[in-house]
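Please treat every number below as a calculation from the coordinates, not as lab data. Owing to the predicted nature of the structure, the values given are computational and were not obtained by experimental measurement. For neighbour counting, all protein chains shown are included, and Cβ atoms are generated from backbone atoms with ideal geometry for every residue, glycine included.
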2 protein chains.
Amino acid sequence: MTTDALSPTGRSTIRRGKDRARTDRAELYNLLDGGMLCHLGVVLDGAPLVLPTCYGRDGDTLYLHGSSGAASLRAAEGTEVCVTVTELDGIVYARSVFHFSVNYRSAVIHGRAVPVTGDEARLHGLRTLTEQVAPGSWDHARLPNRRELAATTVLALDLSEAAVKVRSGPPGDDEADLGTPGVWAGVLPLRRSWGEPEPCPLLSPDAVPPAHVQSRTGPIA
Amino acid sequence: MTTDALSPTGRSTIRRGKDRARTDRAELYNLLDGGMLCHLGVVLDGAPLVLPTCYGRDGDTLYLHGSSGAASLRAAEGTEVCVTVTELDGIVYARSVFHFSVNYRSAVIHGRAVPVTGDEARLHGLRTLTEQVAPGSWDHARLPNRRELAATTVLALDLSEAAVKVRSGPPGDDEADLGTPGVWAGVLPLRRSWGEPEPCPLLSPDAVPPAHVQSRTGPIA
């Protein structure tokens with residue numbers, strides 16, 4: 001992991017809430033590595049389209065994938081996309097409605113989604129995606145066959161143009177509102193955690209979840 | 001709450017994974033009402049831009065807001081936007097990498113984001129937004145003053161053109177993979193829950209969170 005600064009372009013320079021901008025590339029990596037879902041934005045017939053999808057990061061490449069027949073993937077291929085990953089950490093209750101907010105971490109990535117070609121590179125992309133969502137699974141499950149590979153589009157997005165924004169901590173109320181009696185202010189944190197594994201009903205009843213599933217337990221950072 | 005069907009247009013008709021499509025308008029309302037964050041997609045300088053933001057629903061109107069100086073809000077004003085709300089419910093472990101998936105609920109809304117004008121209508125929009133994120137807060141906190149209202153843009157998006165997609169349940173493995181010995185398959189659920197309220201450090205130490213905050217406790221559906 002490098003500690004290079006994010007090198008913002010015009011559109012990835014944060015103008016609103018500058019104090020929330022993060023410029024360390026390690027913060028981008030941390031957020032992406034902890035996430036499991038992104039929102040992919042493309043322009044389709046002149047209008048924006050935003051779809052939730054999985055992703056995987058390897059170095060400064062973000063991989064996306066999908067059915068090769070999907071219109072959204074076809075719209076993304078070779079064109080400018082925007083990929084956003086957001087974690088909501090809490091609700092910020094302020095003394096004034098105006099200062100209500102949420103605590104969050106977000107990464108907004110701009111770039112051209114390039115089709116990944118060649119079996120080796122495509123399998124690497126799919127491995128990265130699988131391991132992001134379900135670490136340990138690539139070496140556990142059956143790997144893609146010819147037909148499955150042919151049915152899958154893999155896209156790569158360079159992480160060079162990205163903006164990371166973080167809000168944390170208590171509300172930023174106006175001085176004049178601070179002493180208002182009877183008005184509560186603070187943060188209500190939002191937590192994520194893993195539930196108990198739910199085995200596939202078609203699995204043998206004595207099948208035990210493997211270590212890479214069982215180790216995913218409790219709170220998610 | 002109506003039980004009207006969603007009336008899909010070409011772009012809001014789900015083509016991939018049709019079995020995941022939901023057509024009951026009540027499912028759209030349920031998902032939106034339980035969510036706290038959406039991803040707003042706009043086209044800015046010809047490229048897509050996806051930003052996380054709060055929203056509020058009242059009937060068939062979705063309200064968005066932001067600083068009147070924000071480029072993203074200016075880009076959204078009066079133009080076609082896409083608003084997507086997604087809840088990730090779990091990771092689907094399959095017997096083959098190809099069938100790995102996630103359980104989720106998503107709503108993708110297309111439409112023109114119309115600026116809300118007039119104090120009364122704008123305050124109604126802001127109330128809807130505040131109550132979505134922090135129910136009970138509009139009557140607890142100080143309401144927006146002139147200056148704050150002037151600094152805030154409120155946009156309204158009609159919910160008529162929306163697509164709801166839900167994936168739930170176990171993996172959809174191929175018949176041929178079902179009996180593979182030693183390979184686990186199933187769902188690892190992802191839970192959300194509220195943490196303990198964290199009072200603002202500038203609050204009097206004996207201040208107690210009000211009922212509308214204290215009642216937000218435990219798991220989030």
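Using the Cα centre of the protein assembly as shown as the reference point, and only Cβ charges (+1 on K/R, -1 on D/E), how large is the resulting charge dipole? Debye, rounded to the nearest 20.
Working: 44 positive and 52 negative charges, 91 e Å.
Computed about the Cα centre, the dipole is about 440 debye.
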From the square roots a ≥ b ≥ c of the eigenvalues of the alpha-carbon gyration tensor of region A:14-65, which class results: rounded (a/c under 1.5), prolate (a/b over b/c), or oblate? oblate
What does the structure give for A:34-40 when I average, per residue, the other chain Cβ atoms found within 10 Å of the residue Cβ? 5
When each copy gets a label point 7 Å from Cα toward the beta-carbon at A:ARG20, what are the spacings between them in nm, shortest first? 2.9
Taking the label point as lying 7 angstrom from Cα along the Cα-to-Cβ axis, what are the distances from B:LEU202 to the corresponding position in the remaining copies, in ascending order and in nanometres? 5.9
Inter-label distance, nm, simple model (7 Å from Cα along the C-beta direction), B:ARG146/B:ARG112: 3.3 nm
Mind listing the long-range amide H neighbours of B:LEU190? Cut-off is under 5 Å, sequence gap 5 or more, other chains count too, H placed in the peptide plane at 1.01 Å from N. A:GLY195, B:GLY90, B:ILE91
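Using Cα pairs closer than 8 Å and at least 6 residues apart in sequence, work out the relative contact order for region A:18-172, in percent.
Values: 300 pairs, mean separation 49.0, N = 155.
The normalised contact order for region A:18-172 reaches 32 percent.
What does the C-alpha gyration tensor say about the overall shape of chain B? Classify as rounded when a/c is under 1.5, otherwise prolate if a/b is larger than b/c, or oblate.
On the way: a/c = 2.31, a/b = 1.42, b/c = 1.63.
Taking the square roots of the gyration eigenvalues as a ≥ b ≥ c, chain B is oblate.
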Amide H contacts under 5 Å for A:CYS200, restricted to residues at least 5 apart in sequence or on another chain and with H modeled in the peptide plane, are B:ALA185, B:GLY186, B:VAL187
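What is the protein assembly as shown by shape, rounded, prolate or oblate, if you read a ≥ b ≥ c off the alpha carbon gyration tensor as root eigenvalues and call it rounded for a/c under 1.5, prolate for a/b larger than b/c, and oblate otherwise? Please report the intermediate quantities before stating the final value.
Details: a/c = 1.65, a/b = 1.47, b/c = 1.12.
Because a/c hits 1.5 or more and a/b exceeds b/c, the protein assembly as shown counts as prolate.
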Once the label point is placed 7 Å from Cα along Cβ, list for A:ARG191 the distances to the corresponding points in the other copies, in nm, shortest first. 0.9
Straight-line reach from B:LYS165: which aspartates and glutamates fall under 12 Å, measuring Cα to Cα and dropping same-chain residues less than 8 apart? B:ASP19, B:ASP24, B:GLU27, B:GLU87
So what J values fall out for region A:25-32 if you push phi through Karplus, 6.51 cos²θ - 1.76 cosθ + 1.60 with θ = phi - 60°, rounded to Hz, Gly and Pro as x? 4, 4, 5, 4, 4, 4, 5, 5
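Return the average number of partner chain Cβ atoms within 10 angstrom of each residue Cβ along peptide B:86-96.
Mean inter-chain Cβ contacts per residue within 10 Å come to 6.
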Two-site label geometry, B:ALA207 and A:ASP206: point separation in nm, points 7 Å out along Cα→Cβ: 6.0 nm
Could you tell me which of B:TRP138, B:ALA113, B:ILE91 has its Cα farthest along the dipole of the protein assembly as shown towards the positive end, charges placed at Cβ (Lys, Arg +1; Asp, Glu -1), taken about the Cα centre? B:ALA113
Just how large is the dipole of region A:18-172 about the Cα centre, in debye to the nearest 20, putting +1 at every Lys and Arg Cβ and -1 at every Asp and Glu Cβ? 360 debye
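What average number of partner chain Cβ atoms lie no more than 10 Å from the Cβ of the residues making up B:130-143? If you can, show how the numbers build up before the last one.
Working: counts 3, 0, 0, 6, 9, 0, 1, 7, 2, 0, 7, 15, 12, 3.
For peptide B:130-143, the averaged partner shielding equals 5.
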For an R0 of 41 angstrom, estimate the FRET efficiency from the Cβ-Cβ distance between A:ARG11 and B:ARG11 and round to the nearest 0.05. 0.95
Residue order, fewest to most beta carbons within 10 Å, for B:ILE109, A:ILE220: A:ILE220, B:ILE109
